[in-house]
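Trainee: Before I ask anything, here is the structure I am working with.
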Amino acid sequence: MYEQATIAPVNNAAFGRMLHGLQDLFAPLRTENFLKHVARAKMRVRDFETILQRGMFGADSQAYYTAMAISDRGLIREEYLSLVERVAPELREKYMKIYAYY
């Protein structure tokens, strides 16, 4: 069975703020609003870099992300993608277009 290696973040402050912001976006009452914004912008929900560049994670998210080490950036992208996959099935079905691969 696959077990993900545990890697400690290098820049704890930036990593923590970015992680907290992402977790807030995927809080039960905010998830649909975020997905709606992604759909309105005609983006794919798994396109982390584009969503980040458009400022959809928050005003300071780009600054926190660039302040992180490359390993921390990978951890954040991985956490984001796992949050995207944990979205409730009914929301994933409703926003199927942004979840689809084409």
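Trainee: Criterion first (of a type in the set (A, V, I, L, M), crowded, with 17+ Cβ neighbours inside 10 Å and farther than 24 Å from Tyr99 by Cβ) does Ala8 satisfy it?
Mentor: Values: of a type in the set (A, V, I, L, M): yes; crowded, with 17+ Cβ neighbours inside 10 Å: no; farther than 24 Å from Tyr99 by Cβ: yes.
In short, no.
Trainee: Do the conditions hold for Leu25, that is, is it among the hydrophobic types (A, V, I, L, M, F, W, C) and more than 28 Å from Ala8 (Cα to Cα)? Walk me through how you get there before you give the answer.
Mentor: On the way: among the hydrophobic types (A, V, I, L, M, F, W, C): yes; more than 28 Å from Ala8 (Cα to Cα): no.
No, not satisfied.
Trainee: So, one more: Which one of these does Ala13 not meet: (1) out of contact with any helix residue (DSSP H, G or I) (no Cβ under 8 Å at 6 or more places or on another chain); (2) within 27 Å of Arg92 (Cβ to Cβ)?
Mentor: Failing condition for Ala13: (2).
Trainee: Here's a follow-up. Being assigned to a helix (DSSP H, G or I) and of a type in the set (Lys, Arg) is the filter here; which residues of segment 63-102 pass it?
Mentor: First, the residues of segment 63-102 that are assigned to a helix (DSSP H, G or I): 63-67, 70-85, 89-94, 96-99.
The answer is Arg73, Arg77, Arg92, Lys94, Lys97.
Trainee: Another one. Taking segment 68-82, which residues are among the hydrophobic types (A, V, I, L, M, F, W, C), touching a residue at least 40 places away in the same chain (Cβ under 8 Å) and either surrounded by fewer than 16 Cβ atoms within 10 Å (Cβ to Cβ) or touching a Gly at 6+ places or on another chain (Cβ under 6 Å) (or both)? First the steps, then the outcome.
Mentor: So in segment 68-82, the residues among the hydrophobic types (A, V, I, L, M, F, W, C) come out as 68-70, 75-76, 81.
From the residues that got through so far, the ones that are touching a residue at least 40 places away in the same chain (Cβ under 8 Å) too are 68-69, 75-76.
Within segment 68-82, just Ala69 meets the criteria.
Trainee: Here is a further query. Within segment 75-82, identify whether any single residue is basic (Lys, Arg), under 12 Å from the mean Cα position of the chain (by Cα) and modelled with pLDDT of 95 or more, and answer yes or no. So that I can check it myself, show each step before the final result.
Mentor: Start the filter on segment 75-82 by keeping residues that are basic (Lys, Arg), which leaves 77.
Those still in the list that are under 12 Å from the mean Cα position of the chain (by Cα) too: 77.
After this cut, where a residue has to be modelled with pLDDT of 95 or more as well, the list is 77.
Checked segment 75-82: at least one residue is basic (Lys, Arg), under 12 Å from the mean Cα position of the chain (by Cα) and modelled with pLDDT of 95 or more.
Trainee: Shifting gears a bit: Please go through segment 1-26 and pick out each residue that is part of a loop (DSSP other than H, G, I, E, B) and either within 11 Å of the chain's Cα centre (by Cα) or at pLDDT 95 or above (or both). Break it down into steps so the answer makes sense when it comes.
Mentor: Within segment 1-26, the first condition is being part of a loop (DSSP other than H, G, I, E, B), and the residues that meet it are 1-11, 26.
Residue satisfying the conditions is Phe26 alone.
Trainee: If you don't mind, another one. Residues to consider are Ala13, Ala27, Ala59, Ala39; find the one that is touching a residue at least 12 places away in the same chain (Cβ under 8 Å), out of contact with any strand residue (DSSP E or B) (no Cβ under 7 Å at 6 or more places or on another chain) and of a type in the set (Gly, Ala, Ser).
Mentor: Values: Ala13 fails: touching a residue at least 12 places away in the same chain (Cβ under 8 Å); Ala27 fails: touching a residue at least 12 places away in the same chain (Cβ under 8 Å); Ala59 fails: touching a residue at least 12 places away in the same chain (Cβ under 8 Å).
It is Ala39.
The values are calculated or read from the model by the stated rules, or taken from the named source; none is laboratory data. Keep in mind that what you see is a predicted model, and the values were worked out from it rather than measured. All Cβ positions, glycine included, derive from the backbone under ideal geometry; neighbour counts span all protein chains shown.
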